[in-house]
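The values are calculated or read from the model by the stated rules, or taken from the named source; none is laboratory data. Quick caveat, the model's predicted, so the values are computed rather than measured. Cβ: placed from backbone, ideal geometry, glycine included. Neighbour counts: every protein chain shown.
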Amino acid sequence: MARHIVARTSDIPPGGNKVFGVDGRDIVVFHVNGEFFALLNRCPHEGAPLEKAACVARLTSPEPGIYQRSRVGELLRCPWHGWEFDMRNGQSFFDPKRVKVRSYPVAVESGEELQKGPYVAETFPVHVEDSYVIIET
Amino acid sequence: MSDVIDRPILAEEEAAKSRLRIIDCDVHPSIHAHTDLDQFLPKRWQQHLRTYGSHLRTPYIGTTPYPRSSPLIARRDAWPPTGGPPGSDLDFMRKQHLDPLDVEYGILQVLDLFIFSQQNLEFGAAIQRAINDWQLAFWSDRDPRLKASILAGQDDTQFAIAEIERCAKIGRYVQINVCPRANEPLGRRRYWPIYARAQELGLPLGIHVGGYGGHAPTGGGWPSYYVEEHQSNAHTMAAQLTSLVLEGVPERFPDLKIVFIEGGFGWIPSATWRMDRHFDAFRSEVPHLKRRPSEYVKQHFWFTTQPIDEPDEAKHLRSLIEWVGADRLLFSSDYPHWDFDDPRFAFKTPLTEAERRKIFNGNARALYKL
């Protein structure tokens, strides 16, 4: 599994996202509630760009008239047909076994750690005071 | 991994795509700003638009039906970077839709200002007339791929005929659009003068879903949810197909071509089977019909594909296309709306080369004489 250092954590503002070309694929990284999630930038349905998705909450209703919001900002709502996916693993809620977006493990490591390891970014300037977003593909 | 994303377009379809350009029968242009209409709208109605705006057939005056699932019912990626609503920037439409999808022609369908739903018929007529001119000046003149439709709401029949004559003289419109939710079912004789003129001019009659009629969109009343209302588009289309056929419009106007736009096509088989069966039992009530309803449907009506049905098993879509007939279907994307269909991925079943040619290009080319 290859590790790709794609950005400084500060490059992706909270609630925002950024697309990176990695190995010929467009991967979109979301920054939500202090965490980073990486997914293929393509809805499995008709191919809409997920970078334009709405980041919404999960809305459930245990019985008519009772509504619960949870996991605020962690659900992706496709910009075209509104299909919803779990940002953590790319699964859809309506058909989790069959329909999902490819997701990638994401790590955040400090520049200091990166300098010590074998994955020093050759094309990125490394400042030891910053943290970096790393995608595994 | 999803079985959907991993299902590639068949190799032969990919090869065919390079040879086959698409005719998209449902493209929505938007007015960037209402002032764009000023040059086509008499001062009296400019003032009216600014002072009173729309007076619609909605239960609560002044309520707007948007956002309806997505702001301005649009794809979230369709907002032009230059500002303005989705569909209002020709350059962006070219870049996002017409060029990458290799659209040979796009048939314009204007919904702005709730054209057919204005309670004030005079104001509605003024807007329709202005938008008919605007379609040419802002779209067709600037990109010859984009073809305009004559908007002519049928509840003001006199206006509709006059507007059809005016636009037909200009000679650059490919279709006459009427309202899917008029005061009465579309088969009623009060609307026949419009059908007679459309037949004489050889222009297809386009019926695009939407608008706000004075009647509930379902036979059961007003739905609670948008998802219910969206579902009811198919009911409305089925009701209008039934009315047109059983009141004898295709019998009376055998050369009239009628296009149902944005109603999908999954509902057609059962609606037609049922009409045939009932006709067998009740034909003495409608002796003006010389043939079974399905025969009229097969010869006089066309249906755009979006929103395409997506049954769990692809073979069911396959059967549906066979039942309706590949010669009846016209590809449409509904760009830039939220339920847009991408021609490369929307058909979750393989099509033969002959079917692809008909649905994505040939049928529309012949129908609209492109």
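Being of a type outside the set (Asp, Glu) and touching a Leu at 6+ places or on another chain (Cβ under 9 Å) is the filter here, so list the residues in the stretch B:301-317 that pass it. Within the stretch B:301-317, B:PHE301, B:TRP302, B:PHE303, B:THR304, B:THR305, B:ILE308, B:PRO311 meet the criteria.
Inside the stretch B:128-173, residues that are buried (at least 17 other Cβ atoms within 10 Å of the Cβ), closer than 21 Å to B:LEU90 by Cβ and touching a residue at least 40 places away in the same chain (Cβ under 8 Å) make up a count of 16.
Taken over the stretch B:130-177, the criterion of being among the basic types (Lys, Arg) and more than 20 Å from B:LEU370 (Cα to Cα) is satisfied by B:ARG166 alone. Residues in the stretch B:292-316 that are within 14 Å of another protein chain (Cβ to nearest Cβ) and not in a loop (DSSP other than H, G, I, E, B): B:ALA314 alone.
Scanning the stretch B:6-22 turns up no residue that is within 14 Å of another protein chain (Cβ to nearest Cβ), more than 30 Å from A:LYS97 (Cβ to Cβ) and either modelled with pLDDT of 95 or more or part of a loop (DSSP other than H, G, I, E, B) (or both). Flag: A:GLU35 does not match the condition of being over 22 Å from A:GLY111 (Cα atoms) and either away from chain B (no Cβ under 14 Å) or among the charged types (D, E, K, R) (or both).
So, in the stretch A:95-110, of the ones that are in contact with a Ser or Thr (Cβ under 6 Å, 6 or more places away or on another chain) and over 30 Å from B:ASP312 (Cβ atoms), which residue ends up nearest to the other protein chains (Cβ to nearest Cβ)? Filtering first and then ranking leaves A:VAL108. Of the residues making up the stretch B:321-370, those that are touching a strand residue (DSSP E or B) at 6+ places or on another chain (Cβ under 7 Å), surrounded by fewer than 19 Cβ atoms within 10 Å (Cβ to Cβ) and among the hydrophobic types (A, V, I, L, M, F, W, C) number 2.
Of the numbered criteria (1) out of contact with any strand residue (DSSP E or B) (no Cβ under 9 Å at 6 or more places or on another chain); (2) assigned to a loop (DSSP other than H, G, I, E, B), the one B:PHE265 fails is (1). Quick check on my filter: what residues within the stretch B:195-208 are under 15 Å from B:GLY153 (Cβ atoms) and surrounded by 21 or more Cβ atoms within 10 Å (Cβ to Cβ)? Within the stretch B:195-208, B:TYR195, B:ALA198, B:LEU205, B:GLY206, B:ILE207, B:HIS208 meet the criteria.
Taking first residues from the stretch B:310-339 that are in contact (Cβ under 8 Å) with a residue 12 or more places away in the chain and closer than 25 Å to B:PRO204 by Cα and partners that are part of a loop (DSSP other than H, G, I, E, B) and of a type in the set (A, V, I, L, M, F, W, C), the Cβ contacts under 6 Å between residues at least 6 apart in sequence or on separate chains come to B:VAL324/B:PHE265; B:SER333/B:PHE340; B:ASP334/B:PHE340; B:PRO336/B:ALA78. Among the residues making up the stretch B:254-265, those that are buried (at least 19 other Cβ atoms within 10 Å of the Cβ) and out of contact with any Ser or Thr (no Cβ under 9 Å at 6 or more places or on another chain) are B:LEU256, B:LYS257, B:ILE258.
In the stretch B:69-87, the residues that are facing chain A (nearest Cβ under 10 Å) reach residues that are in a strand (DSSP E or B) with C-beta atoms within less than 8 angstrom, at least six apart or across chains, in these pairs: B:ALA74/B:HIS337; B:ARG75/B:HIS337; B:ARG76/A:ALA54.
In the stretch B:238-256, the residues that are part of a helix (DSSP H, G or I) form Cβ pairs under 8 Å with partners that are basic (Lys, Arg), at six or more places apart or across chains, as follows: B:SER243/B:ARG188; B:GLU251/B:LYS290; B:GLU251/B:ARG291. Across the stretch A:46-88, which residue is farthest from the chain's Cα centre (by Cα) among those that are farther than 15 Å from A:SER103 by Cβ, within 11 Å of chain B (Cβ to nearest Cβ) and aliphatic (A, V, I, L, M)? It comes out as A:ALA48. Number of residues in the stretch B:331-350 that are more than 21 Å from B:PRO71 (Cα to Cα) and at the interface with another protein chain (Cβ under 7 Å from one of its Cβ atoms): the value is 2. Considering the stretch A:95-137, and only residues there that are of a type in the set (Val, Ile, Thr) and modelled with pLDDT of 90 or more, the residue that is nearest to A:ALA7 (Cα to Cα) turns out to be A:VAL133. Residues of the stretch A:16-70 that are under 23 Å from B:ASP339 (Cα atoms), in a loop (DSSP other than H, G, I, E, B) and touching a residue at least 12 places away in the same chain (Cβ under 8 Å): A:ASN41, A:ARG42, A:CYS43, A:PRO44, A:HIS45, A:GLU46, A:ALA48, A:PRO49, A:ALA53.
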